[in-house]
């Protein structure tokens with residue numbers, strides 16, 4: 001791609017000139033990085049003598065590199081980006097404000113990195129690029145007069161690099177100084193490196209699962225927060241390796257009951273003056289109409305969003321248990337809700353979207369969440385009552401009597417029995433898989449639930465099929481409302497994503513087709529393991545995901 005094409009089509013000429021001059025004066029090498037569907041950073045490293053050239057022309061990559069499959073064929077055969085280019089190249093072009101130092105790379109040399117989006121040789125953007133998708137949604141949001149203000153709560157598990165064991169095994173160590181001090185130097189070194197890269201944290205702490213810690217970022221505007229999450233994961237891995245540890249962002253790695261790795265997305269909206277438009281001290285729950293409509297949009301599209309927030313088979317071991325999300329519900333400071341809304345002050349009013357797992361791609365989470373929120377604003381959706389402000393209407397059984405919902409055990413992350421290998425005892429019950437579906441990887445749907453009397457007019461179903469996890473509630477004036485459940489398996493979530501015209505339209509049909517194809521490859525891969533226990537299946541999931549996500 002020549003410089004003229006770059007200037008005319010991307011509008012980045014001046015930015016590139018400035019960044020190019022900084023890069024060539026400060027760095028011996030520059031890494032040109034883009035992020036694929038899985039959230040994996042991929043790059044080429046360019047020596048000093050060629051930095052100017054690649055800033056002008058872009059750095060070439062295989063067009064299918066943004067959507068490589070983790071299992072099976074490298075890329076699906078019918079993807080337009082591959083088929084229409086004869087498996088040709090795209091060009092990774094640096095994006096404004098993304099040039100930064102890599103303090104842990106380069107040895108005696110000074111290394112920098114620039115984050116890129118990908119373009120075809122004719123200058124057209126590769127629309128399936130996750131960062132491009134997110135940036136375009138943020139541009140639409142800006143057209144409505146708002147700017148995203150967001151942060152993340154990133155959870156990671158640190159394991160001994162050789163034994164793959166956590167440094168503590170009990171959930172009682174949450175917020176423990178003992179557990180923090182055990183890896184304090186590593187955590188503080190991580191934060192020091194973040195600061196050198198221009199990334200600010202609010203807090204560091206021990207979390208609830210064995211060996212788990214949490215990094216909470218300081219809120220920032222726009223797409224930078226998604227950029228930061230990619231850089232943080234990469235940095236945490238590198239720092240951990242220096243301390244002979246392995247940083248794991250995979251959702252569930254141990255078979256014992258307990259909490260799993262999440263990546264909660266905290267967000268609010270700012271107007272042109274920088275005011276938080278989610279707050280209204282005079283409104284119900286101190287939440288503005290903008291906030292209520294935005295939240296209603298997220299909840300309405302929660303089934304489709306699940307495919308992007310929980311994009312692996314392994315992710316569904318986290319949902320529907322303990323305090324993980326179960327339904328498309330919300331509440332004020334409600335730790336059990338899918339959307340936990342905090343309204344401590346006008347400046348600190350925001351939504352904590354608790355659905356994303358540690359394996360999610362932050363660009364796709366951001367893009368889909370913003371698309372759902374904007375749909376709520378544009379169509380003025382009504383918000384379901386919050387947790388605590390409604391009463392549950394139990395379903396009726398065949399005998400006409402109310403069926404008591406089976407109480408879900410509060411599973412605690414006590415992993416005293418973690419052995420050298422992730423497996424059950426020899427005499428433990430070995431549960432065979434049915435139709436290749438893991439018993440704990442998702443709760444099977446039931447076709448026996450009955451709708452309660454008086455709600456025959458309600459559609460007790462998601463667009464993807466029957467809603468076995470939803471519930472009917474009676475809110476203000478005993479008005480009946482459906483609170484839908486979220487999908488129990490990746491397959492259910494993908495069906496919901498394909499059926500959701502709003503989200504597919506926002507993210508683009510090309511991306512959706514490609515993403516769904518490689519995710520269905522993963523589903524079929526794990527279905528192929530028959531006559532094994534669920535713990536053995538978990539080992540297969542670790543082999544697939546642990547070193548990549």
Does segment 284-297 contain any residue that is buried (at least 20 other Cβ atoms within 10 Å of the Cβ), at pLDDT below 95 and either under 17 Å from residue 356 (Cα atoms) or out of contact with any helix residue (DSSP H, G or I) (no Cβ under 6 Å at 6 or more places or on another chain) (or both)?
no
Residue check, residue 247 buried (at least 21 other Cβ atoms within 10 Å of the Cβ) and part of a helix (DSSP H, G or I):
no
When segment 133-163 is examined, which residues are found to be in contact with a helix residue (DSSP H, G or I) (Cβ under 9 Å, 6 or more places away or on another chain), more than 26 Å from residue 277 (Cα to Cα) and not in a strand (DSSP E or B)?
161
Can you find, within segment 168-212, the residue that is modelled with the lowest pLDDT among those that are crowded, with 20+ Cβ neighbours inside 10 Å, more than 25 Å from the chain's Cα centre (by Cα) and assigned to a helix (DSSP H, G or I)?
173
Any chance residue 472 is modelled with pLDDT under 95 and outside any loop (DSSP other than H, G, I, E, B)
yes
So which residues in segment 93-121 are at pLDDT 95 or above, outside any loop (DSSP other than H, G, I, E, B) and more than 24 Å from the chain's Cα centre (by Cα), if there are any at all?
101, 111, 112, 119
Have a look at 307, 322, 337 and point out the one that is closer than 12 Å to residue 486 by Cβ and not in a helix (DSSP H, G or I).
337
Hey, could you check segment 350-372 for residues that are in a strand (DSSP E or B) and touching a helix residue (DSSP H, G or I) at 6+ places or on another chain (Cβ under 7 Å) and say which is farthest from residue 130 (Cα to Cα)?
351
Take the residues in segment 20-38 that are out of contact with any strand residue (DSSP E or B) (no Cβ under 6 Å at 6 or more places or on another chain) and outside any loop (DSSP other than H, G, I, E, B), then tell me which one is surrounded by the most Cβ atoms within 10 Å (Cβ to Cβ).
20
A careful count of residues in segment 262-284 that are farther than 22 Å from residue 302 by Cα and either without any contact (Cβ under 8 Å) to a residue 40 or more places away in the chain or within 19 Å of the chain's Cα centre (by Cα) (or both) gives 7
For residue 309, state whether it is closer than 26 Å to residue 38 by Cα and touching a strand residue (DSSP E or B) at 6+ places or on another chain (Cβ under 9 Å).
yes
Please enumerate the residues belonging to segment 49-70 that are assigned to a loop (DSSP other than H, G, I, E, B) and farther than 18 Å from residue 513 by Cβ.
58
Going by the conditions given, is residue 215 surrounded by fewer than 23 Cβ atoms within 10 Å (Cβ to Cβ), in contact with a helix residue (DSSP H, G or I) (Cβ under 7 Å, 6 or more places away or on another chain) and over 23 Å from residue 93 (Cβ atoms)?
no
Only one of 360, 371, 322 is out of contact with any strand residue (DSSP E or B) (no Cβ under 7 Å at 6 or more places or on another chain) and closer than 24 Å to residue 221 by Cα; which?
371
Identify, from the list 482, 507, 548, the residue that is at pLDDT below 95 and closer than 24 Å to residue 131 by Cβ.
548
Being surrounded by fewer than 18 Cβ atoms within 10 Å (Cβ to Cβ) and modelled with pLDDT of 90 or more is the filter; apply it to segment 316-334 and report the residue that is nearest to residue 279 (Cα to Cα).
332
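The values are calculated or read from the model by the stated rules, or taken from the named source; none is laboratory data. Keep in mind it's a predicted model, so treat the numbers as computed, not measured. Note that we place each Cβ from the backbone using ideal geometry, even for glycine, and neighbour counts take in every protein chain shown.
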